[in-house]
Amino acid sequence: TDITMDAPPQQVRVSFNGETIADSAKVLELREAGYVEVLYIPRDDVCMEFLRSTDHATYCPFKGNASYWNISVGDETTENAAWSYEEPFEQVSGIKNYISFYPDRVKILVD
């Protein structure tokens with residue numbers, strides 16, 4: 001499949017339950033044929049203290065194995081709301097050490 005990656009000049013903020021989970025100007029935008037583009041944020045720009053690793057995993061024949069996190073802020077938790085390809089395939093190796101978030105489980109603001 002055709003996958004393209006860009007680094008758009010934009011600021012992206014991710015929040016959940018009123019708390020900023022990620023804030024970055026070094027976002028990668030991944031486009032895969034037939035899918036909505038997906039934003040990936042460098043792990044260094046993610047507040048990992050709000051993320052809890054889960055046992056959930058998925059496999060993509062074009063990107064590899066994805067690991068997932070719950071996000072917890074206060075007494076609110078959204079399950080498997082963030083994911084990352086820890087060892088992505090060569091074609092998409094640029095997303096290593098980047099995390100993405102489901103836009104229906106967190107608030108994503110793009111400036």
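With Cβ to Cβ distances under 10 Å as the rule, what net charge do the other residues near V92 carry (K, R +1; D, E -1)?
On the way: positive: K63, K96; negative: E32, E90.
Net charge in that neighbourhood comes out at 0.
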Be a star and scan segment 1-21 for residues whose amide nitrogen sits under 11 Å from the point 7 Å along the Cα-to-Cβ vector of A33. 1-3
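Suppose accessible area is computed on protein heavy atoms with a 1.4 Å probe; arrange I3, I71, I108 from highest to lowest. Write down the numbers at each step before the final one.
On the way: I3 20, I71 0, I108 55 Å².
Highest to lowest solvent-accessible surface, that is I108, I3, I71.
Tell me, what is the FRET efficiency for K26 and E79 to the nearest 0.05, using R0 = 30 angstrom and their Cβ-Cβ distance as r?
Numbers: r = 27 Å, r/R0 = 0.90.
After rounding, the FRET efficiency stands at 0.65.
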How would you rank 7-13, 44-50, 56-62, highest first, on the average number of other Cβ atoms within 10 Å across their residues? 44-50, 7-13, 56-62
Accessible surface ranking that places the most exposed of S53, S100 first, with a 1.4 angstrom probe: S53, S100
For T54 and V110, compute 0.36 nm times the residue count separating them, minus their Cα-Cα distance, and round to one decimal in nm. 17.4 nm
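Sorting E90, E76, E29 by accessible area (1.4 Å probe), largest first, what list results?
On the way: E90 155, E76 85, E29 25 Å².
Sorted descending by solvent-accessible area, the residues read E90, E76, E29.
Roughly speaking, to the nearest percent, how much of the chain's 1.4 Å accessible area is carbon and sulfur?
47 percent
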Checked against the structure, the computed Kirkwood radius over Cα pairs in Å among [x] 14.1; [y] 15.7; [z] 14.8 is the one labelled [x]
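The values are calculated or read from the model by the stated rules, or taken from the named source; none is laboratory data. The structure presented is a predicted model; accordingly, all values stated were derived computationally and were not measured. Cβ sites come from the backbone with ideal geometry, for glycine too, and all protein chains shown count toward neighbours. Ligands, DNA and RNA are excluded from the accessible area calculation, which covers all protein heavy atoms including side chains. Shrake-Rupley method; radii C 1.70, N 1.55, O 1.52, S 1.80 Å.
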